[in-house]
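Worksheet for the structure shown next.
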Amino acid sequence: MPKAIRIHQQGGPEVMKWEDVQVGDPGPGEARVRHKACGLNFLDVYQRSGLYKLALPSGMGNEGGGVVEAVGAGVTHVKAGDRVAYSGGAPGAYSETRVMPADRLVPLPEAISFETGAAMMLKGLTAQYLLKQTYKVRAGETVLWHAAAGGVGLIACQWLKALGVTVIGTAGSPEKCALAKAHGADHCIDYRKENFVERVKALTGGKGVPVVYDSVGKDTFMGSLDCLQPRGLMVSFGNASGAVPPVELVVLSQKGSLYVTRPTLVTYTAKRDDLVAGAKDLFDVVSSGKVKIEINHRYALKDAAQAHRDLEGRKTTGSTILTP
């Protein structure tokens, strides 16, 4: 019988259990996928911990790569034997085999491995919509990217560099700053030793930046507002340090008529056409070599709890995969 990581309550990494699961045949609009690799993301931590509520019991994991074993009625865009990757839908990627909505699957080019596909779908599609849709970056601009040595950060730094954008990154150690700079960041601020607001102002001649991309949350939100130019955009897309506390809207006017958005990948890929277009853009930039997916950590799927501990303990950089 196939196995999967399941949770019956939300809490610490210990709530994840390696269990036998029943996996039947796909129904209409569904496909059964045998995973070759699964991705690890902070979204998984939010869902496990209770920051994001789940209907329990629940599977875990939000991205994977594998082979289609069977499809249900009405499914025409994939077939048995196809190499596929995905991000989104109900949690359940931490599994050997699963049945899932087929419209979330995209064909994986032969040039891209299952591991790379699993490591990049959520993070890469996140970078794609942030850079190309939430705020359309332009060559010659300067942006601030927090957690530049993280999974999304390393992809974004490379992509921004390919687009001709100057990148100011932040990270929590000299080693992580060096990693971010090796992947395209022009500057990297060690926020444990430096005041990132002061450094951004110094690096921009006091002007600030038109956009800040912030997945850290509570610890960086207010400082990020102070890094923006008048009418700049604060893009808050994660909560690694905790949820952002309530903010009085008048603060945005006082700091320069600022804009704030809290986007999610789910919204930007809700329509299949948008998912397919984003995935094509991602596959093209990876296949071109302009963006390389760094898989720096690998764990057996049954050891997902330890992978979560290391991710939350800031012990990981780049992408992490779990293998069944």
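Checking the structure you have, find out if any residue of segment 54-68 is in contact with a strand residue (DSSP E or B) (Cβ under 6 Å, 6 or more places away or on another chain) and among the hydroxyl-bearing types (Ser, Thr, Tyr). Scanning segment 54-68, I find at least one residue that is in contact with a strand residue (DSSP E or B) (Cβ under 6 Å, 6 or more places away or on another chain) and among the hydroxyl-bearing types (Ser, Thr, Tyr), so the answer is yes. Residues in segment 84-106 that are part of a strand (DSSP E or B), over 12 Å from His35 (Cβ atoms) and in contact with a helix residue (DSSP H, G or I) (Cβ under 9 Å, 6 or more places away or on another chain): Ser87, Val106. For the structure I just gave you, tell me whether Gly88 is among the small types (Gly, Ala, Ser) and in the same structural domain as Cys177 (by TED's automatic domain parsing). So Gly88 does not fit the description; no. So Leu252 ticks every box in (1) at pLDDT 95 or above; (2) under 19 Å from the mean Cα position of the chain (by Cα); (3) outside any loop (DSSP other than H, G, I, E, B) but one. Which box is left unticked? The number of the failed condition is (2).
May I ask you to verify whether Val78 is touching a strand residue (DSSP E or B) at 6+ places or on another chain (Cβ under 9 Å) and either among the basic types (Lys, Arg) or outside any loop (DSSP other than H, G, I, E, B) (or both)? No: the conditions fail for Val78.
The single condition among (1) modelled with pLDDT of 95 or more; (2) under 30 Å from Lys17 (Cα atoms); (3) over 15 Å from the mean Cα position of the chain (by Cα); (4) outside any helix (DSSP H, G or I) that Ile321 does not meet is (3).
The criterion of at least 2 residues that are touching a residue at least 60 places away in the same chain (Cβ under 8 Å) is met, among helices (runs of 4 or more DSSP H) falling completely within segment 150-224, by 151-162, 174-182.
Surrounded by fewer than 17 Cβ atoms within 10 Å (Cβ to Cβ), within 29 Å of Ser113 (Cβ to Cβ) and free of Cβ contacts under 8 Å to residues at least 60 places away in the same chain: does that describe Ala80? It is true that Ala80 is surrounded by fewer than 17 Cβ atoms within 10 Å (Cβ to Cβ), within 29 Å of Ser113 (Cβ to Cβ) and free of Cβ contacts under 8 Å to residues at least 60 places away in the same chain. Looking at Leu265, Leu225, just one residue is over 21 Å from Lys123 (Cβ atoms) and buried (at least 18 other Cβ atoms within 10 Å of the Cβ), and that residue is Leu225. In segment 285-318, the residue that is surrounded by the fewest Cβ atoms within 10 Å (Cβ to Cβ) out of those that are among the β-branched types (Val, Ile, Thr) and part of a helix (DSSP H, G or I) is Val285. Tell me yes or no: at least one residue of segment 243-258 is crowded, with 22+ Cβ neighbours inside 10 Å and closer than 22 Å to Glu312 by Cβ. For segment 243-258, residues crowded, with 22+ Cβ neighbours inside 10 Å and closer than 22 Å to Glu312 by Cβ: absent.
The values are calculated or read from the model by the stated rules, or taken from the named source; none is laboratory data. Owing to the predicted nature of the structure, the values given are computational and were not obtained by experimental measurement. Backbone-built Cβ (ideal geometry, glycine too); neighbour counts: all protein chains shown.
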